[in-house]
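The values are calculated or read from the model by the stated rules, or taken from the named source; none is laboratory data. Model, not experiment: these values are computed from the prediction. No Cβ is skipped: glycine too gets one built from the backbone with ideal geometry, and neighbour counts run over all protein chains shown. Only protein heavy atoms, including side chains, enter the accessible area calculation; ligands, DNA and RNA are left aside. Shrake-Rupley method; radii C 1.70, N 1.55, O 1.52, S 1.80 Å.
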Amino acid sequence: MKNKHLVFLFVATIVVGLLIRKAPWRQVSFFQTDLIAVDTAAATQISIFVPGRSELLIERTEAGWAATQDMHSVVVPPEQINAMLAGLAHVRSIRIVKTGRPDTLGLSDSSGIQIAVFRDKINLENFGIGYEIMENGRPATYIQLHAHEGNYLVEGHLAGIFRKEITDFRLRTVARFDPADVSMVTFQWRTDSVPTGLTLEKNDSTGQWRLPDTPAAGIANDTLQNWMQLLLRLNDSPFADAFDESNEKETFRSKITLRLQNADSLVFRSFYAKPPEMPEEITLLKAGKLPVYVVHSSQNPLNYFAPPDTTLIRSIFFPGLRFATGRQKSVDKRNEN
């Protein structure tokens with residue numbers, strides 16, 4: 001009996017040992033090590049090359065991080081740069097990937113994302129990012145360390161963090177506000193080079209909109225509420241990168257100011273960016289890319305937008321005369337009675 005027990009224990013020990021060696025968690029633990037551990041507090045530049053795009057350079061400034069690409073610069077939102085820095089601080093390997101076909105891992109010149117991290121002019125890290133996969137139910141990414149051309153599978157999805165272009169850092173929201181919080185609307189527009197204006201104030205007791213200090217009946221609240229909803233439809237418009245900001249004075253057409261109850265006033269401006277006569281130095285190709293109208297708001301001051309719906313623009317920025325006319329008709333009708 002003792003010999004049988006000894007044989008059984010010997011076989012069981014071998015089986016358990018083999019199971020432990022084959023266990024996925026043991027493999028992960030065995031191969032885990034920090035492949036990349038950048039001192040992100042010292043990093044001053046992150047260079048990103050995505051195939052088919054020009055370099056995206058992200059630099060630390062006194063005011064935060066800024067991104068530059070194709071001669072355009074924008075502020076990088078904290079949540080996005082923090083995700084990048086976290087990714088650079090701890091890149092832990094799962095296993096080495098031995099292959100003579102790095103293109104199958106997404107690490108070829110036509111598909112891989114190239115990352116270089118600098119402290120001033122000193123290169124702190126240089127690596128490529130390939131395909132993202134799931135490994136044992138966990139997110140993972142193929143990377144290549146350029147220092148020794150080693151290919152690895154590492155923890156986490158990195159491609160989504162670093163596959164960026166400058167538009168990813170730009171807020172495509174023209175403005176956000178609650179129409180119910182607006183207490184006064186001021187229209188200013190240019191007609192035959194003559195400035196014209198109209199101000200409407202909401203009467204809290206009647207709910208109607210009227211000229212300030214005027215007791216006469218005005219415009220129904222629903223009319224103004226529906227019009228303000230049109231302003232919110234400007235969000236997600238394309239950027240007007242071809243617009244020349246130095247021509248604001250010449251191209252200005254109208255301005256809308258919303259006085260909000262619990263926030264600063266919100267200002268929208270529209271510009272007619274495509275006049276009938278184009279300067280000779282502007283080529284037909286460039287002229288074809290110019291928007292008809294450009295919109296700017298004080299809530300997103302760093303960006304100009306080119307909404308493609310010109311009818312929407314006219315309905316938003318040039319209703320002042322219609323509102324004034326509608327109010328006058330209301331007053332005249334009341335006087336007739």
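Residues that are surrounded by 14 or more Cβ atoms within 10 Å (Cβ to Cβ), at pLDDT 85 or above and among the charged types (D, E, K, R): does region 213-222 have at least one?
no
Just to be sure I understand the filter: pairs with C-beta atoms under 7 Å, separated by 6 or more residues or on different chains, first member in region 160-173 and of a type in the set (S, T, N, Q), second member in a loop (DSSP other than H, G, I, E, B). Which pairs pass?
Between residues of region 160-173 that are of a type in the set (S, T, N, Q) and residues that are in a loop (DSSP other than H, G, I, E, B), the close pairs are 173/235; 173/300.
Across region 105-130, what is the number of residues that are polar (S, T, N, Q) and part of a loop (DSSP other than H, G, I, E, B)?
Counting residues in region 105-130 that are polar (S, T, N, Q) and part of a loop (DSSP other than H, G, I, E, B) gives 3.
Taking strands (runs of 3 or more DSSP E) that do not extend beyond region 131-223, which have at least 3 residues that are within 24 Å of residue 298 (Cβ to Cβ)?
182-191, 194-202
Collect the residues in region 8-59 that are on the phi > 0 side of the Ramachandran plot and modelled with pLDDT under 90, keeping them in residue-number order.
None - no residue of region 8-59 is on the phi > 0 side of the Ramachandran plot and modelled with pLDDT under 90, so the list stays empty.
Quick check, is residue 91 under 21 Å from residue 164 (Cβ atoms) and open to solvent by 70 Å² or more (accessible area, probe 1.4 Å)?
no
Can you tell me which residues in region 223-256 are open to solvent by 30 Å² or more (accessible area, probe 1.4 Å) and over 30 Å from residue 69 (Cβ atoms)?
223, 225, 226, 229, 230, 253, 255
How many residues does region 98-131 contain that are under 24 Å from residue 39 (Cβ atoms), in contact (Cβ under 8 Å) with a residue 40 or more places away in the chain and surrounded by fewer than 15 Cβ atoms within 10 Å (Cβ to Cβ)?
Total meeting the criteria: 1.
Scanning region 269-306 for residues that are in contact with a helix residue (DSSP H, G or I) (Cβ under 6 Å, 6 or more places away or on another chain) and assigned to a loop (DSSP other than H, G, I, E, B), which turns out modelled with the highest pLDDT?
My answer is 292.
Return the total of residues in region 168-206 being within 30 Å of residue 73 (Cα to Cα) and open to solvent by less than 80 Å² (accessible area, probe 1.4 Å).
7
Quick check, is residue 165 open to solvent by 20 Å² or more (accessible area, probe 1.4 Å) and under 29 Å from residue 72 (Cβ atoms)?
yes
Has region 132-148 got any residue that is open to solvent by 20 Å² or more (accessible area, probe 1.4 Å), hydroxyl-bearing (Ser, Thr, Tyr) and either free of Cβ contacts under 8 Å to residues at least 24 places away in the same chain or more than 20 Å from residue 37 (Cβ to Cβ) (or both)?
no
Pull up region 56-69, narrow it to residues that are of a type outside the set (S, T, N, Q) and more than 18 Å from the chain's Cα centre (by Cα), then point me to the one that is most open to solvent (accessible area, probe 1.4 Å).
62
Determine which member of the set 89, 83 is under 18 Å from the mean Cα position of the chain (by Cα), among the small types (Gly, Ala, Ser), modelled with pLDDT of 85 or more and under 22 Å from residue 129 (Cβ atoms).
Only one candidate passes the filter, namely 83.
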